[in-house]
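Note sheet for the following structure.
The values are calculated or read from the model by the stated rules, or taken from the named source; none is laboratory data. In this text, all values refer to a predicted model and were calculated from it rather than measured experimentally. All Cβ positions, even for glycine, are placed from backbone atoms using ideal geometry, and neighbour counts span all protein chains on display. Accessible surface areas use protein heavy atoms only, side chains included; no ligands, DNA or RNA. Shrake-Rupley method; radii C 1.70, N 1.55, O 1.52, S 1.80 Å.
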Amino acid sequence: MNLEVTGPKILFKIPIFGGIPITETIVNTWIVMALIVAVCIFLTRGLEVHARTRRQVVAEYLVNMVDKMVRGNMGERFVGYAPFIGALFSLAMLSSLISMVGLFSPTGDLSTCIGWAVLVFVMITYYKIRTQHLGGYLKGFTQPVFIMTPLNMISEVATPISMAFRLFGNIASGSVVTLLIYGGLAALSSGVLGLLPGVLGDVLSQIPIFQVGIPAILSIYFDVFTSVLQAFIFCMLTMMYIKLACEE
């Protein structure tokens, strides 16, 4: 039994730019973004003042749901961030769920999670400086005493790192657990069916019968539930950190 978890494969390179590698992460991320754009165009086509189609009802429901989440967690002043939070949630969720159709999940690549976390970190830092001004922001590293400055700086940098590794770790661990389940069920099929006498046992032991059905049930948790939950947590942390940055 050979179980191996690999990173994104390099699909091709662009010679004109010095051989920049184009990986599965890049291609699949663009696929997810194109899917989101297509769904948005479909749902918002032919909008009217009063919803008369199911498409518009669904579109209004999704917009109201994101607006309500942003208002409830960040306040009225940040309602303009609803499109950003909605896009971030959709991108994170679908980037994880894409593994269910056999494609590499962009959130299974640490570079993707770090990129999103750095973007959020820049926004957090912007609001901290805007609220406290540059002098107040830098002075905050020396609180409550100057000797705490190194620890405060580490704590500041730890914010994007923790966000990135939390998302990456949960998605990657789900892939590892799925591989272990498949491998374990294959070994179980071989061991149990191999007990049958004669040629029947020899033939059936080569067929991973126990892999049928059980992984599909478990994928409801490891793929669907975990993907939605981790995307939601990432967005909740984003909203919380931005709100706290404006209150300091």
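One table, with the values for the structure above:
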| read-out | value |
| --- | --- |
| Any hit, segment 49-60, residues being under 27 Å from Ser111 (Cα atoms) and assigned to a helix (DSSP H, G or I) | no |
| Flag for Ala164 being closer than 30 Å to Thr29 by Cβ and open to solvent by less than 30 Å² (accessible area, probe 1.4 Å) | yes |
| Where Leu138 falls short, out of the listed (1) closer than 22 Å to Phe232 by Cα; (2) in a helix (DSSP H, G or I) | (1) |
| Any hit, segment 29-49, residues being at pLDDT 75 or above, of a type in the set (Phe, Trp, Tyr), more than 19 Å from the chain's Cα centre (by Cα) and surrounded by 11 or more Cβ atoms within 10 Å (Cβ to Cβ) | yes |
| Single residue of Ala82, Ala59 found to be modelled with pLDDT of 90 or more, closer than 20 Å to Val37 by Cα and not acidic (Asp, Glu) | Ala82 |
| One residue from Phe78, Phe104 being among the hydrophobic types (A, V, I, L, M, F, W, C), assigned to a loop (DSSP other than H, G, I, E, B) and either closer than 17 Å to Ala164 by Cβ or open to solvent by less than 50 Å² (accessible area, probe 1.4 Å) (or both) | Phe104 |
| Test for Ile14: is it touching a strand residue (DSSP E or B) at 6+ places or on another chain (Cβ under 6 Å), modelled with pLDDT under 90, open to solvent by less than 80 Å² (accessible area, probe 1.4 Å) and not small (Gly, Ala, Ser) | yes |
| Residues being under 15 Å from Gln230 (Cβ atoms), small (Gly, Ala, Ser) and either in contact (Cβ under 8 Å) with a residue 40 or more places away in the chain or open to solvent by less than 50 Å² (accessible area, probe 1.4 Å) (or both) - total across segment 167-184 | 4 |
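Per-residue answers, yes or no, for (1) over 22 Å from Asp67 (Cβ atoms); (2) touching a His at 6+ places or on another chain (Cβ under 8 Å); (3) surrounded by 19 or more Cβ atoms within 10 Å (Cβ to Cβ); (4) of a type in the set (Asp, Glu):
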position	(1), (2), (3), (4)
Leu91	no, no, yes, no
Leu94	no, no, yes, no
Ile98	yes, no, yes, no
Gly108	yes, no, yes, no
Val118	yes, no, no, no
